[in-house]
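Taking it in order: structure first as structure tokens, then the write-up.
All of the numbers you see were taken from the coordinates with simple rules; none came from a lab. The model shown is predicted, which means the values in this text are computed figures rather than measured ones. Note: ideal-geometry Cβ built from the backbone for every residue, glycine included; neighbour counts use all protein chains shown.
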Amino acid sequence: MSTYEGFSAEERAAMKDHATEMKKAARRSTKADKAAEALRDVLEKIAEMTEDDRVLGERVHAIVTAAAPSLAPKLWYGQPAYALDGKLICFFQARAKFKTRYATLGFSEDAKLDEGAMWATSYALTEMTPEVEARITALVKQAAG
């Protein structure tokens with residue numbers, strides 16, 4: 001039986017990122033300032049990613065903003081995310097964030113993806129193909145309602 005050794009370094013970093021994001025958002029003055037700075041934060045975070053993650057992150061960002069312009073970019077635990085009326089709808093998680101073998105496109109409980117008694121809320125991303133882009137577009141449109 002293993003013993004609990006606390007949060008991993010990656011988990012602690014994500015929590016620290018989230019606390020910083022919340023403090024930064026609270027200091028922003030106007031709604032326009034908040035939106036512009038949040039977009040800038042997302043684009044900077046994507047630019048900092050490793051090449052493979054950056055390519056996926058850039059495409060996800062472009063697809064989300066085109067498919068659902070009502071979604072507002074923001075950082076969520078140090079990763080690009082998109083919200084509607086302040087509620088998280090979807091996010092991109094770089095594979096390097098938690099040293100996983102694939103990046104993730106995830107959706108929150110506020111995403112309108114309900115389909116019967118069971119539906120997916122996250123998807124592994126390894127490459128961007130036309131089929132993947134079409135699927136992301138459809139999911140984001142559905143999620144944003």
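Fewest first, what order do GLU10, GLU44 take by the number of other Cβ atoms within 10 Å?
Result, fewest neighbours first: GLU44, GLU10.
Which FRET efficiency, nearest 0.05, do GLU5 and ALA25 yield, Cβ-Cβ r, R0 22 Å?
Using R0 = 22 Å, I get an efficiency of 0.10.
Name all residues of region 66-85 having a backbone nitrogen under 19 Å from the label point set 7 Å from the Cα of ASP33 along its Cα→Cβ direction, giving them as ranges.
Label zone hits: 73-75.
What are the semi-axes of the equivalent ellipsoid of region 1-87, taken as the square roots of 5 times the eigenvalues of the Cα gyration tensor, listed largest first and rounded to whole Å?
Equivalent ellipsoid of region 1-87: 26, 18, 12 Å, largest first.
Give the Kirkwood hydrodynamic radius (Å, one decimal) of the chain, defined as one over the mean of 1/r across all pairs of different Cα atoms.
15.9
Have a look at ALA120, ALA36, ALA62 and tell me which one the Gaussian network model of the chain (Cα, springs below 10 Å) gives the largest fluctuation.
Looking only at ALA120, ALA36, ALA62, the biggest GNM fluctuation is shown by ALA120.
Do the sum for the chain: with -39,500 (n - 2.57) for every DSSP H run of n ≥ 4, divided by all residues, what is the mean residue ellipticity at 222 nm, to the nearest 500 deg cm²/dmol?
After summing the helix terms and dividing by the residues of the chain, the value is -16000 deg cm²/dmol.
DSSP H helices in the chain with Cα extent of 20 Å or more along the helix axis and mean Kyte-Doolittle hydropathy at least -1.0?
Answer set is 31-48, 51-67, 130-144.
Counting other Cβ atoms within 10 Å, which trypsin sites (Lys or Arg not before Pro) in region 16-125 have at most 16 and lie in a DSSP loop?
Counting only loop positions with at most 16 other Cβ atoms within 10 Å, the trypsin sites (Lys or Arg not before Pro) in region 16-125 are ARG28, LYS99, ARG101, LYS112.
Normalised by the residues of the chain, what does the relative contact order come to in percent, with Cα pairs under 8 Å and at least six apart?
It rounds to 21 percent for the chain.
Hey, got the dipole for the chain? About the Cα centre, +1 on K and R Cβ, -1 on D and E Cβ, debye to the nearest 20?
Roughly 460 debye for the chain.
Which value in nm describes the separation of the simple spin-label points at LYS99 and ALA62, placed 7 Å from the Cα toward the beta carbon?
Placing both labels 7 Å along Cα→Cβ, they lie 3.2 nm apart.
Output the relative contact order of region 68-125, whole-number percent, from Cα pairs under 8 angstrom with separation of 6+ residues.
That works out to 23 percent.
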